[in-house]
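The values are calculated or read from the model by the stated rules, or taken from the named source; none is laboratory data. Just so it is clear, the structure is predicted and the values come from calculations on it, not from any experiment. Cβ placement follows ideal geometry from the backbone for every residue including glycine, while neighbour counts extend to all protein chains displayed. Ligands, DNA and RNA are excluded from the accessible area calculation, which covers all protein heavy atoms including side chains. Shrake-Rupley method; radii C 1.70, N 1.55, O 1.52, S 1.80 Å.
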Amino acid sequence: MCAMFLSGLHSFMKTSISQKLFFKAQQLIPGGVNSPVRAFKSVGREPLFIAKARGSKLWDEDGNEFIDYVGSWGPMILGHAHPKVLDAIRKAMVDGTSFGAATRREVEMAELITNIIPSIEMVRMVNSGTEATMSAVRLARAYTGKQKIIKFEGCYHGHADSFLIKAGSGAMTLGVPDSPGVTQSVGNDTLIAQFNDIHSVENLISENHDHIAGLIVEPIVGNMGCIPPQNNFLHRLRDLCSKNNIIFILDEVMTGFRVALGGAQELYGVQPDLTTLGKIIGGGLPVGAYGGKKELMKMIAPSGPVYQAGTLSGNPLAMAAGLTTLSILRSDRKKIYRQLEKYAIQLERGIAAIIKKHNLPLTHNRVGSMFTLFFTQQTVVDYVSAKSSDTRQFARFFNGMLERGMYLPPSQFEAAFLSIAHTEAQMDATLNAAEEILTTIFN
Ligand SMILES: *Cc1c(COP(=O)(O)O)cnc(C)c1O
């Protein structure tokens, strides 16, 4: 498998320790991993086992060093092992790791989030993005007294049953858009529209009049690779939801604190009813959150009847890491988001120049510091155009880059990320490697 993808490129990388670990892991863990995309299946190789990370770099168990463009799938916007985040975790740790009781940091976190994202008047902390989206949809159903939800083909909102219908991310490359184990009745309550196609949403609304509780969308899709909204798509969704008494949920688990401090809603100036958060909000620890209008959030237990709970929710270590990460982002916001933009533009222009110079059939999508190089000539605006990518060519590109020390997301349908620890020199090195590999692939 590997040899096929690597043809024309020499492999110098030692992987014997990762291989041994993977062999053992496969006996003990389904597929040897605790989350599917980590298995590197869609790029035709075995996963690397990561031993250590610092700043913009990763080291695997065999001692290979990489420039990291995954950033734990988004959270590590400050770079790995940021000294202030580690200090905050250490400080929290010595006072005990969990009490299952109310703590000061939870109040500080809620205050910080509601300050940064004005559409969030009240917020509940959970332990993952999956929990956040699942709870937000339950709340939308409870508030409206309606049952159905609208999601978009190829958008990923975690692995709760309602969302595993035409989902993106790992569900896209694994070819299980509809997971076994999800019941037909759950499937019936999830309606699928096309991203960037407002008519597909209008049609669903008119066909299911008075039955749609909520609409959930990734404001900038990350889970089909990076796909920006076009033609005022988000504002038009907002209008449709308002007119039809549908709760408008922006899933900002990936985009929150990433494309701007206040997320995609700040970048595009759009106001959701509910927002879901995750990834960066935990600073590398397992955290999610959902929040929005008081009128809605007051329905959550114990202030209201909609049940949602968590033994470890608001965990002191997780709050310490998240609070510190968000505080740094907020206090240095101008400098941080300007720098991320600058390096992302350097990469984007470099790739554009390579595409032009060698006349390559590629499309580069980017918003802020999230981006994807699609192996298709089509403009990528939705699921169908994303799927026109040549995933075998992507796999060769991925493997070639990995051999040269660039750790990209191991799937065509995932966004890559920058952190503030990345450097101009790393962008140059990455572009040089990319040109070499792309010209090999298309020769
Ligand atoms: C990652 C992601 C989720 C799921 O978050 P987990 O913490 O992995 O459960 C939900 N929505 C979006 C947009 C995501 O990118």
Which one of the conditions (1) more than 16 Å from the ligand (Cβ to nearest atom); (2) modelled with pLDDT of 95 or more; (3) under 30 Å from Glu424 (Cβ atoms) does Gly71 fail to meet, given that it meets all the rest? (1)
Leading residue by the ranking (farthest from the ligand (Cβ to nearest atom)) among those in region 204-219 that are in contact with a Gly (Cβ under 9 Å, 6 or more places away or on another chain) and under 30 Å from Arg366 (Cβ atoms): Pro219
Residues that are more than 15 Å from the ligand (Cβ to nearest atom) and at positive phi: does region 308-316 have at least one? yes
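Within the group Leu86, Leu112, which residue is open to solvent by less than 20 Å² (accessible area, probe 1.4 Å) and away from the ligand (no atom under 16 Å from the Cβ)?
Leu112
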When you check Ser119 against the structure, is it within 16 Å of the ligand (Cβ to nearest atom), open to solvent by less than 40 Å² (accessible area, probe 1.4 Å) and hydroxyl-bearing (Ser, Thr, Tyr), yes or no? no
Search region 337-363 for residues being within 30 Å of Leu86 (Cα to Cα) and either in the same structural domain as Gly145 (by TED's automatic domain parsing) or of a type in the set (Lys, Arg) (or both), and hand back the single one that is surrounded by the fewest Cβ atoms within 10 Å (Cβ to Cβ). Arg338
Taking Gly284 as the residue in question, decide whether it is open to solvent by less than 20 Å² (accessible area, probe 1.4 Å), in a loop (DSSP other than H, G, I, E, B) and in contact (Cβ under 8 Å) with a residue 60 or more places away in the chain. no
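Look at region 307-335 and say how many of its residues are farther than 18 Å from Gly71 by Cβ, in a helix (DSSP H, G or I) and touching a residue at least 12 places away in the same chain (Cβ under 8 Å).
The qualifying residues number 8.
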What is the one condition in (1) modelled with pLDDT under 95; (2) within 16 Å of Thr133 (Cα to Cα); (3) open to solvent by less than 30 Å² (accessible area, probe 1.4 Å) that Met172 does not satisfy? (2)
Looking at Gly44 and the list (1) more than 26 Å from Leu240 (Cβ to Cβ); (2) open to solvent by 20 Å² or more (accessible area, probe 1.4 Å); (3) more than 16 Å from the ligand (Cβ to nearest atom), which single condition is not satisfied? (2)
Could you check Thr130 against (1) within 15 Å of the ligand (Cβ to nearest atom); (2) surrounded by 24 or more Cβ atoms within 10 Å (Cβ to Cβ); (3) among the β-branched types (Val, Ile, Thr) and say which number it fails? (2)
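If you go through region 410-417 one residue at a time, do you hit one that is in a loop (DSSP other than H, G, I, E, B), under 20 Å from the mean Cα position of the chain (by Cα) and among the aliphatic types (A, V, I, L, M)?
yes
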Quick one: how many residues across region 62-72 are within 17 Å of Gly322 (Cα to Cα) and either in contact with a His (Cβ under 6 Å, 6 or more places away or on another chain) or open to solvent by less than 60 Å² (accessible area, probe 1.4 Å) (or both)? 1
Could you please find all residues in region 379-393 being open to solvent by less than 40 Å² (accessible area, probe 1.4 Å) and among the β-branched types (Val, Ile, Thr)? Val380, Val381
Among the residues of region 244-290, write down those that are out of contact with any Leu (no Cβ under 7 Å at 6 or more places or on another chain), within 12 Å of the ligand (Cβ to nearest atom) and of a type in the set (Asp, Glu). Asp251
Identify the single condition in (1) under 21 Å from the mean Cα position of the chain (by Cα); (2) away from the ligand (no atom under 16 Å from the Cβ); (3) assigned to a loop (DSSP other than H, G, I, E, B) that Asp95 does not satisfy, given that it satisfies every other one. (1)
Output for region 188-243, where each listed residue is surrounded by fewer than 15 Cβ atoms within 10 Å (Cβ to Cβ) and under 16 Å from Ile165 (Cα atoms): Asn188
